[in-house]
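This report refers to the structure that appears directly beneath it.
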Amino acid sequence: MSIEKTLILVKPDGVRRGLVGEVISRVETKGYSIEALRLLNADRALLEQHYAEHIGKPFYEPLVEFMMSGPIVAMVASGNRVIEGFRSLAGVTDPTVAAPGTIRGDLARDQGTKVVQNIVHGSDSPESAAREIQIFFPK
Ligand code: DAT
Ligand code: MG
C-alpha cells in the first residue's frame, strides 16, 4: 500500500505575511512528512490547469489575479489520510467561520476582496491530489 500524498500551496497572502514556516510547522507537527517543496511565481496557464473546476465562476478571475500577485510555495506532504488530514488542519474555505485552531481560522480573515484569501490550498481527493501534484511537480 503506497502512502497517500497531497498538494499543499501557501498562497501569496501567506508568503507575503511570512507564514510559510508556520504552515510547514503545522504540517510537520501533525506528523506528516514534506516530500517536495518549491517557491514559484504561478502564471495564468498553470493556474488555469490547477483551478480548472472553477473556470466560469464569478470568483475565478479574481482568484487567478490573486494567485499571480506574488510568489507561492508548493509542497507535497505524505502520510496516511493526509488529504483529509490537511483539509482538517486548513479549516473551511471561509476564514471568518473557519474554526479557531485551524490555519485559516487562526491566521486569516475576510479582507473584503472579491476572492477569499485564505492562506493555503489543499487537495480535496486522491484524484485531485494526483492531478495537482503533476501540475506543480512534473517529471
Ligand atoms: P478550497 O480552497 O477550500 O478547496 P474551493 O476549491 O471551493 O475552496 O475554492 C478555491 C478558492 O477560491 C478558495 O480557497 C477561495 C476562493 N473561493 C471559493 N469560493 C469562493 C466564493 N464563493 N467567493 C469568493 N472566493 C471563493
Ligand atoms: Mg478546492
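The values are calculated or read from the model by the stated rules, or taken from the named source; none is laboratory data. From a predicted model like this one, the values you see are computed outputs, not experimental measurements. Neighbour counts are summed over all protein chains in view; Cβ atoms, including those assigned to glycine, are modelled from backbone coordinates with ideal geometry. The accessibility values were calculated without ligands, DNA or RNA, using every heavy atom of the protein model including side chains. Shrake-Rupley method; radii C 1.70, N 1.55, O 1.52, S 1.80 Å.
Just name the residue that is nearest to residue 102 (Cα to Cα) out of those in the range 19-75 that are among the small types (Gly, Ala, Ser) and touching a Lys or Arg at 6+ places or on another chain (Cβ under 7 Å). Once the filter is applied, the top-ranked residue is 74. Residues of the range 94-139 that are surrounded by 15 or more Cβ atoms within 10 Å (Cβ to Cβ), within 13 Å of ligand 2 (Cβ to nearest atom), among the polar types (S, T, N, Q) and not in a helix (DSSP H, G or I): 118, 123.
Would you check if there is a residue in the range 17-28 being more than 16 Å from residue 117 (Cβ to Cβ) and over 15 Å from the mean Cα position of the chain (by Cα)? Yes, the conditions are met somewhere in the range 17-28.
Taken together, the residues in the range 79-125 that are among the small types (Gly, Ala, Ser) and touching a helix residue (DSSP H, G or I) at 6+ places or on another chain (Cβ under 6 Å) amount to 6. Just one of (1) open to solvent by 50 Å² or more (accessible area, probe 1.4 Å); (2) modelled with pLDDT of 95 or more; (3) within 24 Å of residue 2 (Cβ to Cβ); (4) not in a helix (DSSP H, G or I) fails for residue 74. It is (1). In the range 1-51, of all residues being of a type in the set (S, T, N, Q) and touching a helix residue (DSSP H, G or I) at 6+ places or on another chain (Cβ under 7 Å), the one that is most open to solvent (accessible area, probe 1.4 Å) corresponds to 49.
Cβ-Cβ contacts under 6 Å between residues 6 or more apart (or on different chains), taken from a first residue in the range 91-115 that is closer than 15 Å to residue 63 by Cα to a second residue that is open to solvent by 50 Å² or more (accessible area, probe 1.4 Å) and of a type outside the set (A, V, I, L, M, F, W, C), are listed as 110/96.
Scoring residue 59 on the criteria (1) surrounded by 12 or more Cβ atoms within 10 Å (Cβ to Cβ); (2) within 24 Å of residue 18 (Cβ to Cβ); (3) in contact (Cβ under 8 Å) with a residue 24 or more places away in the chain leaves a single failure, condition (2). For the range 48-63, check the following and say yes or no: at least one residue is out of contact with any strand residue (DSSP E or B) (no Cβ under 6 Å at 6 or more places or on another chain), polar (S, T, N, Q), assigned to a helix (DSSP H, G or I) and at pLDDT 95 or above. Yes, there is a match, as at least one residue in the range 48-63 is out of contact with any strand residue (DSSP E or B) (no Cβ under 6 Å at 6 or more places or on another chain), polar (S, T, N, Q), assigned to a helix (DSSP H, G or I) and at pLDDT 95 or above.
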